[in-house]
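Bear in mind these aren't lab numbers, they're just calculated from the coordinates by the rules spelled out. Predicted, not measured: the structure shown is a model, and the values here were computed from it. Cβ: placed from backbone, ideal geometry, glycine included. Neighbour counts: every protein chain shown.
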Amino acid sequence: MTDDLEVRRRGLMLGLGTGRPGGGIHLARTLLDQQVWAVPAGNDPQCPKFLPPLTIEDDHVDYLISAVTEAASAMSGPTSRIEVGQP
């Protein structure tokens, strides 16, 4: 599944385009079970968004990356990479 994720960002605001109808809603629900607050973007239900605080620390970022990787894997098989797009 992570092959299909497109990273969208502006500043600290981050979205992950899943390319699947309802994929953002499903990914957001899965991440909530892992105590990661992500909500579907208002204009794109395929894209969950993250709004981290300005005081985010490295260990929180590491946890977020592992939680997203695990949630994406649960959506459809093994993970390999996340393609990073330009803002």
(Q) I want to confirm something. Restricting to region 20-41 and keeping residues that are small (Gly, Ala, Ser) and without any contact (Cβ under 8 Å) to a residue 40 or more places away in the chain, which single residue is surrounded by the fewest Cβ atoms within 10 Å (Cβ to Cβ)? (A) Gly22
Q. Could you say whether any residue in region 31-46 is part of a helix (DSSP H, G or I) and either hydrophobic (A, V, I, L, M, F, W, C) or within 13 Å of the chain's Cα centre (by Cα) (or both)?
A. yes
Q. Taking region 1-19 as the search range and keeping residues that are out of contact with any Asp or Glu (no Cβ under 7 Å at 6 or more places or on another chain) and without any contact (Cβ under 8 Å) to a residue 40 or more places away in the chain, which one is farthest from Ala71 (Cα to Cα)?
A. Gly11
Q. Just one of the numbered conditions (1) free of Cβ contacts under 8 Å to residues at least 60 places away in the same chain; (2) part of a helix (DSSP H, G or I); (3) touching a helix residue (DSSP H, G or I) at 6+ places or on another chain (Cβ under 6 Å) is not true of Ala72; which one?
A. (1)
